[in-house]
Each structure stands twice: as C-alpha cells, then as structure tokens.
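Visitor: If you scroll down you'll find the structure; I have some questions about it.
The values are calculated or read from the model by the stated rules, or taken from the named source; none is laboratory data. Predicted, not measured: the structure shown is a model, and the values here were computed from it. Cβ placement follows ideal geometry from the backbone for every residue including glycine, while neighbour counts extend to all protein chains displayed. Just so you know, the surface numbers come from the protein's heavy atoms only, side chains and all, with ligands and any DNA or RNA stripped out. Shrake-Rupley method; radii C 1.70, N 1.55, O 1.52, S 1.80 Å.
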Amino acid sequence: MKKLLPQANTLATVIRTFKFIANTMNCSLNDIADFNKFEVRQAAYYSNACYFLELIDENLKLTSLGEDIMQDPKRAKVRIYEQIIKNELIGQLFAKTALYPRRTAIKEGKELVRGLYPEYGEAVIDRRTKCLIGWCEEIIDYMKTQKNS
C-alpha cells in the first residue's frame, strides 16, 4: 500500500515535529498537537509527513534512519532535506521547482502526482502538490542562504 502524500505545509514544522518525537518518550498525537499549538488533526498531518519520509514508523517511533539522523541533531535539517530530495516523486518536483516558474512547476507536478495517485481527487492533487512544491522552495531558499554565507 502506498503511503499517503504529506499535507503538512511547513517543512520547518515537519523537522521540528520530528525532533520533538525523537526526544519524547511514548510520544502521542496529543503531545505533538500541544507542542506545536495546533489541533490533533494537524498533528496527524505532521507525523504522517515524518512517516512518509521514513523518519518514524506508524507508532511514532524512530526508524533506523530517524535514529541515525538524530545521532547528530545539528545536521538533522540537512539530512532530512537530503532524504526529501532522494524521494522519487519529490526529487522530480524539486528539479521542476528549481528549473521552472512556480506556475509551471505546479502544473507539471500535478501531472506527476495524478499519475502516481490516480485515486486522489483534483482538489487533493492540487493541495498536496502545492505542499510538496512548498517544501522544495524551503530547501532551495535554504541552499541560497548557505551559498551566500
């Protein structure tokens, strides 16, 4: 069974949520919601994003990849960015985001998502594609700041 595409809009919050899960014994969705000051429904979005990236399992426990990343918490963000770009779908979206204007990247991204997730309706395809393009934009912005520093 395919994993659900993430619907966590802010990549920085995905990373912060992952670190919180990693540092919280028996973490629950309520804990994540309290930590991020949002509803349990949104906590599920952010934990699902961590699951999609193979950082945690279905029980909110770190995977071996998640444990490996947390061996060096200072590099966690960059390691997660690398994991995102390695993902087949998001890697393609990343390339389109880097090469094309946003409107074109979204249009072509929707075609990719539609092909991989034909069970999704158009509104879901639109939202999930824009979410993942937003992640790619966050990574590109980070890369630009690192280049300039």
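Visitor: Among N36, L55, I21, pick out the residue whose Cα is farthest towards the positive end of the charge dipole of region 14-55, where Lys and Arg carry +1 and Asp and Glu carry -1 on C-beta, about the Cα centre.
Guide: Farthest along the dipole direction, towards plus: N36.
Visitor: Placing unit charges on C-beta atoms (Lys and Arg positive, Asp and Glu negative, everything else neutral), compute the dipole magnitude of region 82-149 about its Cα centre in debye, rounded to 20.
Guide: Numbers: 12 positive and 10 negative charges, 44 e Å.
Approximately 220 debye in magnitude.
Visitor: For every helix of n ≥ 4 consecutive DSSP H residues, a contribution of -39,500 (n - 2.57) applies; sum these over the chain, divide by its total residues, and give [θ] at 222 nm rounded to the nearest 500 deg cm²/dmol.
Guide: Values: 8 runs with 103 residues, N = 149.
When only DSSP H runs of four or more count, the value is -22000 deg cm²/dmol.
Visitor: Restrict the search to region 30-85; then list the trypsin sites (Lys or Arg not before Pro) that DSSP places in a loop and that have at most 16 other Cβ atoms within 10 Å of their Cβ.
Guide: Values: sites: K37, R41, K61, K74, R75, K77, R79; in loops: K37, K61.
Loop-located and lightly packed - K37, K61.
Visitor: First compute the accessible area of the chain with a 1.4 Å probe, then give the percent of it belonging to carbon and sulfur atoms. Each step should come with its number before you reach the end.
Guide: Details: 4370 of 8550 Å².
Taking all protein chains in place, the chain shows 51 percent carbon and sulfur surface.
Visitor: Residues with beta-carbon under 15 Å from that of I69, excluding I69: net charge, scoring Lys, Arg +1 and Asp, Glu -1? Can you show the working numbers first?
Guide: Working: positive: R16, K19, K61, K74, R75, K77, R79, K86; negative: E54, D57, E67, D68, D72, E82.
It works out to a net charge of +2.
Visitor: Among Y46, I69, I84, whose Cα sits farthest toward the positive end of the charge dipole of region 27-149 (+1 at Cβ of Lys/Arg, -1 at Cβ of Asp/Glu, about the Cα centre)?
Guide: I84
Visitor: Counting other Cβ atoms within 10 Å, which chymotrypsin sites (Phe, Trp or Tyr not before Pro) in region 24-59 have at most 14 and lie in a DSSP loop? It would help to have the intermediate numbers written out before the result.
Guide: Details: sites: F35, F38, Y45, Y46, Y51, F52; in loops: F38.
Counting only loop positions with at most 14 other Cβ atoms within 10 Å, the chymotrypsin sites (Phe, Trp or Tyr not before Pro) in region 24-59 are F38.
Visitor: Which of the peptides 11-20, 95-104 is most tightly packed, and how do the rest follow, judged by the mean count of other Cβ atoms within 10 Å per residue?
Guide: On the way: 11-20: 19.7, 95-104: 13.7.
Result, highest mean Cβ count within 10 Å first: 11-20, 95-104.
Visitor: Which residue fluctuates most in the GNM of the chain (Cα springs below 10 Å): A123, A105, A76?
Guide: In this elastic network of the chain, the residue with the biggest mean-square fluctuation among A123, A105, A76 is A123.
Visitor: Give me the dipole magnitude in Debye, nearest 20, for region 61-107 about the Cα centre, with unit charges on the beta carbon: positive for Lys and Arg, negative for Asp and Glu. If you can, show how the numbers build up before the last one.
Guide: Details: 10 positive and 5 negative charges, 74 e Å.
Charge dipole of region 61-107: 360 debye, to the nearest 20.
Visitor: Keeping every protein chain present and rolling a 1.4 Å probe, give me the accessible area per residue for region 12-103 in Å². Could the numbers behind the result be given before it?
Guide: On the way: 5270 Å² over 92 residues.
It amounts to 57 Å² per residue over region 12-103.
Visitor: Nearest 20 debye, what's the magnitude of the dipole of the chain about its Cα centre given +1 on Lys and Arg Cβ and -1 on Asp and Glu Cβ?
Guide: Numbers: 23 positive and 19 negative charges, 107 e Å.
Here the chain has a charge dipole of around 520 debye.
Visitor: Return the long-range amide H neighbours of I56 (sequence gap of 5 or more, or a different chain), with a cut-off of under 5 Å between placed amide H atoms.
Guide: So I56 has HN proximity to Y51, T63.
Visitor: Within region 64-149, which chymotrypsin sites (Phe, Trp or Tyr not before Pro) sit in a loop by DSSP and count at most 12 neighbouring Cβ atoms inside 10 Å? Walk me through the intermediate numbers first.
Guide: Working: sites: Y81, F94, Y120, W135, Y142; in loops: Y120.
Answer by residue number: there is no such site.
Visitor: Then there is this: Given [x] 17.4, 55; [y] 15.2, 44; [z] 18.8, 58 as candidate values of Rg and Dmax of the Cα atoms in Å, which corresponds to the one derived from the coordinates?
Guide: Among [x] 17.4, 55; [y] 15.2, 44; [z] 18.8, 58, the one derived from this structure is [y].
Visitor: Across the chain, where is the longest run that never hits GluC sites (Glu not before Pro) in a DSSP loop with at most 12 other C-beta atoms within 10 Å?
Guide: Working: sites that count: E39, E58, E119.
Looking at the chain, 59-118 is the longest stretch - no exposed GluC sites (Glu not before Pro) with at most 12 other Cβ atoms within 10 Å.
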